[in-house]
Amino acid sequence: MHESITLTLTGNKTSLSADYFPSINTNKKSEIALLRLQTYNTFPNINETNNRMRIIVEDEKRNVNIEINSGCYEIEDIKNIILKKLILHNDSDLIQYGIEFDMWVNEHDFRCHIKCNKMIDFDVENSLASVLGFNKQHYFSQHGKVHRSERAVNINHINSIKVMCDIAQGSFSNSNPSHSIYEFFPSGRTGTKVVEVPANLIYYKLNTSNIRSINISLVDQDHKLVHNFREKLTVVLHIKNCES
């Protein structure tokens, strides 16, 4: 029986697992903690659930349906993608409609502002409205009209990332038992390296004394698995014997 064990799991998913044969024997008072986590800040904020809007022109057959590919975006990125799609339409069969569009965020209250000379339709399936702070409805065009979002922009729906370990116990999410052993939120810009090294290790009791396998996953505050475009993820864990 080991006094101290280090386990390293690595892969290209946010759900990692390992099987051990022979199994790892610990005592009933052994505890586990996260030593280090390394990956990249590529957690998407736009996906297939929040990536669509539509601009309605006079001829409904020529409505412009806008869909943004899953990825990591800032508000300026979203604006530029919309503008590019509108330019393509304006340069082709929609030139006679002259679609104009602009979007920005107030730096004081973080409300999104949209100016468009055509009707904006956020009442579509998988609407972008939740990201930009608007209601899921139509916004009618008026000369010089600027639409202000009802809520602050929600450019990142992830408030925290939990490191879940299925052989750990002792944490709670609200009033429910949880397997979480660490929480963090990437502080760097999109695409930068994420290295999480806890300043003070927090140990959790093991729920087994015979480790045949282990499963690690990264989930958001709602316990939904987060994704990172298959970037490398490395998790290092420490198990210590607390019997003495």
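The values are calculated or read from the model by the stated rules, or taken from the named source; none is laboratory data. Computed from a predicted model, the values in this text were never measured in an experiment. Every residue, glycine as well, gets a Cβ built from its backbone with ideal geometry; the counts of neighbours run over all protein chains shown.
May I ask you to say which residue of Ser180, Ser175, Ser127 is assigned by TED's automatic domain parsing to the domain that holds Thr26 and farther than 30 Å from Thr234 by Cβ?
So the residue among Ser180, Ser175, Ser127 that is assigned by TED's automatic domain parsing to the domain that holds Thr26 and farther than 30 Å from Thr234 by Cβ is Ser175.
For segment 117-158, name all the residues that are assigned to a strand (DSSP E or B) and either among the charged types (D, E, K, R) or touching a Leu at 6+ places or on another chain (Cβ under 9 Å) (or both).
Asp121, Arg148, Ser149, Glu150, Arg151
Exactly one condition in (1) modelled with pLDDT of 95 or more; (2) surrounded by 12 or more Cβ atoms within 10 Å (Cβ to Cβ) is false for Lys240; which is it?
(1)
In this structure, does Leu218 turn out to be in a loop (DSSP other than H, G, I, E, B), of a type in the set (A, V, I, L, M, F, W, C), in contact with a strand residue (DSSP E or B) (Cβ under 9 Å, 6 or more places away or on another chain) and under 21 Å from Arg36 (Cβ atoms)?
So Leu218 fails the test.
Conditions (1) among the aliphatic types (A, V, I, L, M); (2) in contact with a helix residue (DSSP H, G or I) (Cβ under 7 Å, 6 or more places away or on another chain); (3) modelled with pLDDT of 95 or more, marked per residue:
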| residue | (1), (2), (3) |
| --- | --- |
| Asn63 | no, no, no |
| Tyr73 | no, no, no |
| Asp77 | no, no, no |
| Ile81 | yes, no, no |
| Asn90 | no, no, no |
| Phe122 | no, yes, yes |
| Glu125 | no, no, yes |
| Phe140 | no, no, no |
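Please state which one of Ser15, Ser70 is more than 30 Å from Glu107 (Cα to Cα) and in contact with a strand residue (DSSP E or B) (Cβ under 9 Å, 6 or more places away or on another chain).
Ser15
Among the residues of segment 1-34, what is the count of those that are in contact with a Ser or Thr (Cβ under 8 Å, 6 or more places away or on another chain) and not in a strand (DSSP E or B)?
Count: 7.
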